[in-house]
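What follows is a short report on a single structure.
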Amino acid sequence: MLFNKTKRIKVIEKTRIADTFFKRFKGLMFSSKPDYALIFELEKEGKINSSIHMLFVFYPIEVVYLNKEKKVVDIKLNLKPWALNYTPKKPAKYFIEFLAGTVGNKIGLNDELEW
């Protein structure tokens, strides 16, 4: 479960962790619309290494970027399929991919999340 500690609300019940090279490489590519949040942990905090593309993702998604304290540093809503590059405004250690329409008002900048 993904929980917003700041707002004290559940964001989404199901989560999956992209904890292998292949899972991080694949992300949501070639998948049907997920009913879960996909959580990525990066080796080090940064902007470039936390950028994503939307190639072979066939539906819009939302991405929440978090720093090493698991505080939200950027939110990208309604990312379009086949877009080449999205980079967070600030360095991120984690990012979470959701089906578009999931985040809504459940997550805001500087909110602290846990899973």
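The values are calculated or read from the model by the stated rules, or taken from the named source; none is laboratory data. Owing to the predicted nature of the structure, the values given are computational and were not obtained by experimental measurement. A quick note on method: Cβ atoms are made from the backbone with ideal geometry, for glycine too, and the neighbour counts reach across all protein chains shown.
What the table below lists for this structure:
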| item | result |
| --- | --- |
| Search result, residues across region 71-88 that are in contact (Cβ under 8 Å) with a residue 40 or more places away in the chain, closer than 25 Å to M29 by Cβ and of a type outside the set (V, I, T) | P88 |
| Qualifying residue in region 23-46 (condition: closer than 17 Å to N105 by Cα and under 14 Å from the mean Cα position of the chain (by Cα)) | yes |
| Restricting region 1-37 to residues that are within 19 Å of W82 (Cα to Cα) and small (G, A, S), the residue that is surrounded by the fewest Cβ atoms within 10 Å (Cβ to Cβ) | S32 |
| Pick from region 38-68, criterion without any contact (Cβ under 8 Å) to a residue 40 or more places away in the chain and more than 18 Å from P88 (Cβ to Cβ), ranking: surrounded by the fewest Cβ atoms within 10 Å (Cβ to Cβ) | L55 |
| Hey, I96 under 12 Å from the mean Cα position of the chain (by Cα) and free of Cβ contacts under 8 Å to residues at least 60 places away in the same chain or not | no |
| Residue among L84, L66, L55 that alone is of a type outside the set (G, A, S) and in contact with a Pro (Cβ under 9 Å, 6 or more places away or on another chain) | L55 |
| Test: residue in region 52-64 that is under 16 Å from F3 (Cα atoms) and among the hydrophobic types (A, V, I, L, M, F, W, C) | yes |
| Selected residue (only one of R24, R16 is under 17 Å from Y65 (Cα atoms), part of a helix (DSSP H, G or I) and in contact (Cβ under 8 Å) with a residue 12 or more places away in the chain) | R24 |
| Selected residue [part of a loop (DSSP other than H, G, I, E, B) and either of a type outside the set (S, T, N, Q) or touching a helix residue (DSSP H, G or I) at 6+ places or on another chain (Cβ under 6 Å) (or both)] from V103, V63, V72 | V103 |
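One line per residue, one yes/no per condition, for (1) part of a strand (DSSP E or B); (2) at pLDDT 95 or above:
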{"site": "F3", "(1), (2)": "yes, yes"}
{"site": "K7", "(1), (2)": "no, yes"}
{"site": "M29", "(1), (2)": "no, yes"}
{"site": "D35", "(1), (2)": "no, yes"}
{"site": "L38", "(1), (2)": "yes, yes"}
{"site": "N49", "(1), (2)": "no, no"}
{"site": "M54", "(1), (2)": "no, yes"}
